Protein chains: 2
Amino acid sequence: MAAVVEFKKSPSKILKVGRGFELSGVDPQSTPGYPGKKASGVALLAGQDHRLDVLQEMLFAQGQFGNPQRLLLILQAMDTAGKGGIVEHVVGSMDPQGVKVAPFKAPSDEEKAHDFLWRIEKALPAPGFVGVFDRSHYEDVLIHRVHAWADAAELERRYKAINEFEARLSAEGTTIIKVMLHISRDEQKERLLARLDDPSKHWKYSPVDLTERAFWNSYMDAYQIVFDKTSTDVAPWHVIPANKKWYARIAVQELLLETLAKMDLAWPKATFNVPAERARAVQS
Amino acid sequence: MAAVVEFKKSPSKILKVGRGFELSGVDPQSTPGYPGKKASGVALLAGQDHRLDVLQEMLFAQGQFGNPQRLLLILQAMDTAGKGGIVEHVVGSMDPQGVKVAPFKAPSDEEKAHDFLWRIEKALPAPGFVGVFDRSHYEDVLIHRVHAWADAAELERRYKAINEFEARLSAEGTTIIKVMLHISRDEQKERLLARLDDPSKHWKYSPVDLTERAFWNSYMDAYQIVFDKTSTDVAPWHVIPANKKWYARIAVQELLLETLAKMDLAWPKATFNVPAERARAVQS
């Protein structure tokens, strides 16, 4: 296994969407902040699994003792960009006991009969949990904008509602990490062809993927507007170059690690008399 | 890493609770069917992670295409027996996208106002999913029997209701694996003391654990009755000696592998015209 190489610059800083951010200026092929190549990135991912696992267990433990803190990772991307790989290879290293993955597909009739945030609210992580949204309420301002399923006024209402919603979650103790995995149009084509050429991947392909692909530029515009309107102090967006899957994975892992490290986690103090319980146990 | 040693006899056969089974005849220290020691067991666990992951992905893929099959692993045990370790180290090797872990603690007021199977029904895995119950409806015939929270007639009603419930799940496409992790009374004492001696484990300890420990023999009797009454053809129990954590983990992993292998899984066939889509993709 290659030597582990660490990030030189913190992903939570250099990948964060700030004022004046331009999606078109991000090279999906790049590896910002990371000086290593694939082999060292793969080694880094494996090498940090345990640290992530321990921090998540601490978060979970605190959640059992009344601490309201929880983490919500929101994943958005064009098809094939690697959301599933992040869930399997980064999120998958944490204890399933404390992780809640919520995929958002086309809404059901019942969901459509409610406000767009209704189904989101129901899927939020409880205290101590790491919640992962595979797609999210942002679909309601992405695909809905691209296909004009919502008019301009309704879209404005939604951006505002999203910011208020996320501010409320943050005030309640939820730390929100919003991630867009950014691949290039050419990379998507290669990945779609690779799926079509592998029968074990056909189940992941749908003809709709190509239909949506035709709207690539509209999607990029819709993402840019999302970043402009909803990258807030309490819930900033991060755009992660994702043509190199190994880079996207270590970048998200590092974001999770940095975020958990800032949450001031510790093992809950015993709520019982330890020596007395020890004596009882010895006698038992 | 030690050489991988495989099971000589299938856990799904030799650990299965059949007619005339006596819990008191199972040595919690033993490693039935497995000729290797700890190091080879640990190597086996790691070596089979990938196979388990692929089978689970196939189950998930089929679930997306109308196949009703799903898997439900029910874990029961005395405190400290290692349910959490099974979830983290065996279940944790599968893709979180297709796994649903449901812990059952003391019921809420709303849950208590319903029949005991109400909250269980709500936590069942959807088609394609692997569901894991950390405790289950069996608490309603275990702790409830031990403390006489239910009278004899009510307990009889529950055993019957459980068998009918599980038969219905099975008919709907759910394969049920019921596992009791079996530790000895002495082993539990050592593990409780170890928790008390490690501040990072205090959150897992509760004085109630020792209170329940005092009812050890009543619990063993209650488990024996559960096995007698609810180990059915469609949902058999397996008693897994669990004093050696590494053995319990490979035994459960092997049970999952054998069960998935019997489910006749395959990658779903494409529901689209592959060459036509390929041509579209090339043009896109």
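The values are calculated or read from the model by the stated rules, or taken from the named source; none is laboratory data. Since the model is a prediction, treat every value here as computed from it, not as a measurement. Don't worry about glycine lacking a Cβ; one is built from the backbone with ideal geometry, like all the others, and counts go over all protein chains shown.
A Cβ distance below 6 Å, combined with a sequence gap of six or more or placement on separate chains, defines the contacts here; from the stretch B:57-84, residues that are more than 10 Å from chain A (Cβ to nearest Cβ) reach residues that are of a type in the set (Phe, Trp, Tyr) in the pairs B:70/B:129; B:74/B:133; B:76/B:138.
Here A:194, A:214, A:222, A:248 are screened, and the one residue that is modelled with pLDDT of 95 or more and under 15 Å from the mean Cα position of the chain (by Cα) is A:248.
In the set (1) closer than 15 Å to residue A:99 by Cα; (2) crowded, with 19+ Cβ neighbours inside 10 Å; (3) not aliphatic (A, V, I, L, M), the condition left unmet by residue A:53 is number (2). Would you mind stating whether residue A:242 is of a type outside the set (S, T, N, Q) and in contact (Cβ under 8 Å) with a residue 40 or more places away in the chain? Considered against the rule, which asks whether it is of a type outside the set (S, T, N, Q) and in contact (Cβ under 8 Å) with a residue 40 or more places away in the chain, residue A:242 comes out as yes.
Would you be able to tell me the number of residues in the stretch B:1-41 that are loosely packed, with under 13 Cβ neighbours inside 10 Å and under 19 Å from the mean Cα position of the chain (by Cα)?
Counting residues in the stretch B:1-41 that are loosely packed, with under 13 Cβ neighbours inside 10 Å and under 19 Å from the mean Cα position of the chain (by Cα) gives 2.
When the stretch A:152-209 is filtered for residues that are exposed (fewer than 14 other Cβ atoms within 10 Å of the Cβ), under 24 Å from residue A:227 (Cβ atoms) and of a type outside the set (D, E, K, R), the ones remaining, listed by number, are A:152, A:153, A:171.
Cβ separations smaller than 6 Å between residues 6+ apart or across chains give the following pairs from the stretch A:106-130 residues that are under 18 Å from residue A:165 (Cα atoms) to residues that are surrounded by 12 or more Cβ atoms within 10 Å (Cβ to Cβ) and among the basic types (Lys, Arg): A:111/A:119; A:125/A:70; A:125/A:100; A:127/A:70. Please verify whether residue A:239 is part of a helix (DSSP H, G or I), closer than 20 Å to residue A:79 by Cβ and not charged (D, E, K, R), treating the condition exactly as stated. So residue A:239 does not fit the description; no. For residue A:276, the conditions (1) part of a helix (DSSP H, G or I); (2) in contact (Cβ under 8 Å) with a residue 40 or more places away in the chain; (3) within 30 Å of residue B:192 (Cβ to Cβ) are fulfilled apart from (2).
Where the second residue is among the β-branched types (Val, Ile, Thr) and surrounded by fewer than 16 Cβ atoms within 10 Å (Cβ to Cβ) and the first is in a helix (DSSP H, G or I) and lies in the stretch B:168-180, which pairs have Cβ atoms under 7 Å and are six or more apart or on separate chains? From the stretch B:168-180, the pairs are B:170/B:234.
To keep it simple, each residue is scored yes or no on (1) touching a Ser or Thr at 6+ places or on another chain (Cβ under 6 Å); (2) within 14 Å of chain A (Cβ to nearest Cβ); (3) of a type in the set (Phe, Trp, Tyr).
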{"position": "B:145", "(1), (2), (3)": "no, no, no"}
{"position": "B:186", "(1), (2), (3)": "no, yes, no"}
{"position": "B:206", "(1), (2), (3)": "no, yes, no"}
{"position": "B:215", "(1), (2), (3)": "no, yes, yes"}
{"position": "B:221", "(1), (2), (3)": "no, no, no"}
{"position": "B:228", "(1), (2), (3)": "no, no, no"}
{"position": "B:236", "(1), (2), (3)": "no, no, no"}
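Looking at residue B:90, is it within 19 Å of the chain's Cα centre (by Cα), free of Cβ contacts under 8 Å to residues at least 40 places away in the same chain and buried (at least 22 other Cβ atoms within 10 Å of the Cβ)? When the stated conditions are applied, residue B:90 does not pass them. Taken over the stretch B:266-281, the criterion of being among the charged types (D, E, K, R) and more than 7 Å from chain A (Cβ to nearest Cβ) is satisfied by B:269 alone.
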